[in-house]
Amino acid sequence: MPSLAFSEEDGGIGGSYLTYVTGVEEVAVAGAVAALYPGPTVQVAGAISRFGTEEQKKQWGRDLVAGRAMGAWSFTEPQTGSDPRQITTTAVRDGSGWVLNGAKMFTSFAAYADVALVFARTTPDRLGAFLVPTSEPGWQPGAPIKMLAFGGQGTAPVTLHDLRLPESALLGEPDQGFAIMVATEAEAKVRAGAICVGIGRRALEEAVRYASERLHRGDPIGAKFPTVQSTLGEMSAAVDAARALVRLAATAVDRRDPAVSRLAASTRIVAARMAREVTGLALEVCGAYGWTQEMVLERLYREGKFYEVGQGVIELQRVIVGKRRLEEFRTTGRLA
């Protein structure tokens with residue numbers, strides 16, 4: 001699946017980001033965890049494609065795009081959350097290379113990835129991004145974190161202890177880490193929105209199936225009760241709206257539209273809220289049966305909350321959208 005998002009020049013199949021997130025959505029309908037698997041790999045490969053040297057593209061880029069290697073994204077730290085200003089991991093020049101020390105948190109596939117993109121402080125007020133082969137002894141993953149949902153990612157803390165890297169491991173310039181993070185995080189938000197749509201679609205399908213098969217005095221509850229029909233209609237409209245926004249944002253990624261940052265954050269807001277609300281409404285349609293592990297809804301319900309708290313909390317996405325709109329109005333006197 002990673003190759004769907006990349007041009008033939010990058011080793012992909014000449015697809016687009018829209019093609020990729022459409023595929024992610026379809027996989028997420030069957031299993032959201034499976035839809036997450038290629039995500040960090042695509043994100044690291046995308047960063048290399050945009051900011052990497054030819055050597056880095058040959059060493060890692062093509063294998064990541066082709067799925068022959070797995071990538072990990074290592075940004076968050078125990079005390080930082082989504083705030084890059086609180087990053088404490090350091091990268092110090094040492095001769096012709098760098099030495100990294102620090103601790104990372106919530107790194108997906110930390111023990112399984114072949115290469116990790118690690119963000120570290122190169123000066124008191126600047127970040128750098130480093131391609132770290134996880135075979136290096138200084139890369140030390142901890143035990144996987146027990147999660148409410150998405151435990152299949154092998155998400156774990158990582159200790160970086162005197163991790164020595166050559167100069168060629170630096171992606172971009174020593175002060176370009178934040179720009180690399182921003183450029184690729186927008187795409188990650190759109191991918192997350194596609195996973196939310198997959199979760200919502202599956203919840204809607206389960207609710208419609210139950211309403212079609214559950215009988216009340218001989219008639220399916222979906223055909224008999226307008227309240228059930230109304231709930232299903234509300235769910236369907238929410239899924240359709242989130243799906244349309246995901247595809248709009250994915251198209252903006254492909255076009256390198258300057259509005260992609262705002263659209264990506266809006267996608268996270270709308271799609272995450274939809275996933276939470278639709279999975280909750282599906283439980284209401286299915287009643288006590290939906291609450292049991294005999295149905296998939298209890299898993300969907302747990303997954304449906306994740307993107308309101310993970311990978312950048314919703315409150316932060318609202319601030320991003322609000323700031324972009326204020327800047328747009330201040331510059332042009334109107335909103336597009």
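The values are calculated or read from the model by the stated rules, or taken from the named source; none is laboratory data. Source: prediction; values computed, not measured. Here Cβ is always computed from backbone atoms with ideal geometry, including for glycine, and neighbour counts include all displayed protein chains. With ligands, DNA and RNA removed, areas are computed over all heavy atoms of the protein, side chains included. Shrake-Rupley method; radii C 1.70, N 1.55, O 1.52, S 1.80 Å.
If you go through region 221-231 one residue at a time, how many are over 14 Å from residue 287 (Cβ atoms) and not small (Gly, Ala, Ser)?
Number of matching residues: 3.
Output the qualifying pairs, or none if there are none: Cβ atoms under 6 angstrom, residues six or more apart or on different chains, first residue in region 172-192 and more than 21 Å from residue 5 (Cα to Cα), second residue of a type in the set (D, E, K, R) and open to solvent by 40 Å² or more (accessible area, probe 1.4 Å).
Cβ pairs passing all conditions: 175/126.
Could you please give the count of residues in region 158-197 that are small (Gly, Ala, Ser) and more than 13 Å from the chain's Cα centre (by Cα)?
Number satisfying all stated conditions: 6.
When residues of region 293-327 are filtered for being open to solvent by 40 Å² or more (accessible area, probe 1.4 Å) and over 25 Å from residue 25 (Cα atoms), how many remain?
6
Please work out which one of (1) in contact (Cβ under 8 Å) with a residue 40 or more places away in the chain; (2) over 18 Å from the mean Cα position of the chain (by Cα); (3) surrounded by fewer than 16 Cβ atoms within 10 Å (Cβ to Cβ) is the condition residue 331 fails and give its number.
(1)
Report yes if some residue within region 75-97 is of a type in the set (Val, Ile, Thr), at pLDDT 95 or above and surrounded by 14 or more Cβ atoms within 10 Å (Cβ to Cβ); otherwise report no.
Scanning region 75-97 turns up at least one residue that is of a type in the set (Val, Ile, Thr), at pLDDT 95 or above and surrounded by 14 or more Cβ atoms within 10 Å (Cβ to Cβ).
Identify all residues within region 282-327 that are without any contact (Cβ under 8 Å) to a residue 40 or more places away in the chain and of a type in the set (D, E, K, R); write none if there are none.
Those that are without any contact (Cβ under 8 Å) to a residue 40 or more places away in the chain and of a type in the set (D, E, K, R): 294, 298, 308, 315, 323, 327.
Sort out which residues of region 209-235 are open to solvent by 90 Å² or more (accessible area, probe 1.4 Å) and among the hydrophobic types (A, V, I, L, M, F, W, C), and write them in order of number.
Scanning region 209-235 gives a single hit, 215.
List the residue pairs whose Cβ atoms are under 9 Å apart, where the first residue sits in region 251-263 and is touching a residue at least 12 places away in the same chain (Cβ under 8 Å) and closer than 11 Å to residue 189 by Cα, the second is of a type in the set (A, V, I, L, M) and exposed (fewer than 15 other Cβ atoms within 10 Å of the Cβ), and the two are 6 or more positions apart or on different chains.
Between residues of region 251-263 that are touching a residue at least 12 places away in the same chain (Cβ under 8 Å) and closer than 11 Å to residue 189 by Cα and residues that are of a type in the set (A, V, I, L, M) and exposed (fewer than 15 other Cβ atoms within 10 Å of the Cβ), the close pairs are 261/182.
Considering only residues of region 61-74 that are surrounded by fewer than 23 Cβ atoms within 10 Å (Cβ to Cβ) and of a type in the set (A, V, I, L, M, F, W, C), which is nearest to residue 129 (Cα to Cα)?
Looking at residues that are surrounded by fewer than 23 Cβ atoms within 10 Å (Cβ to Cβ) and of a type in the set (A, V, I, L, M, F, W, C), I get 70.
How about region 252-296: which of its residues are more than 24 Å from residue 310 (Cα to Cα) and in contact with a Phe, Trp or Tyr (Cβ under 9 Å, 6 or more places away or on another chain)?
Within region 252-296, 254, 285, 286, 287, 289, 290, 295 qualify.
Examine region 26-47 for a residue that is out of contact with any Leu (no Cβ under 9 Å at 6 or more places or on another chain), open to solvent by 10 Å² or more (accessible area, probe 1.4 Å) and polar (S, T, N, Q), and state whether such a residue exists.
Within region 26-47, not a single residue is out of contact with any Leu (no Cβ under 9 Å at 6 or more places or on another chain), open to solvent by 10 Å² or more (accessible area, probe 1.4 Å) and polar (S, T, N, Q).
Go through region 43-94 and count every residue that is out of contact with any Lys or Arg (no Cβ under 9 Å at 6 or more places or on another chain) and among the β-branched types (Val, Ile, Thr).
Residues that pass the stated criteria total 5.
Which ranges mark the helices (runs of 4 or more DSSP H) fully within region 1-116 that have 3 or more residues being β-branched (Val, Ile, Thr) and within 21 Å of residue 186 (Cα to Cα)?
17-30, 39-51
Has region 25-33 got at least one residue that is acidic (Asp, Glu) and either within 17 Å of the chain's Cα centre (by Cα) or at pLDDT 95 or above (or both)?
Within region 25-33, one or more residues are acidic (Asp, Glu) and either within 17 Å of the chain's Cα centre (by Cα) or at pLDDT 95 or above (or both).
Residue under question is residue 21, and the condition is that it be open to solvent by less than 40 Å² (accessible area, probe 1.4 Å), touching a Lys or Arg at 6+ places or on another chain (Cβ under 8 Å), among the β-branched types (Val, Ile, Thr) and on the phi < 0 side of the Ramachandran plot; does it hold?
yes
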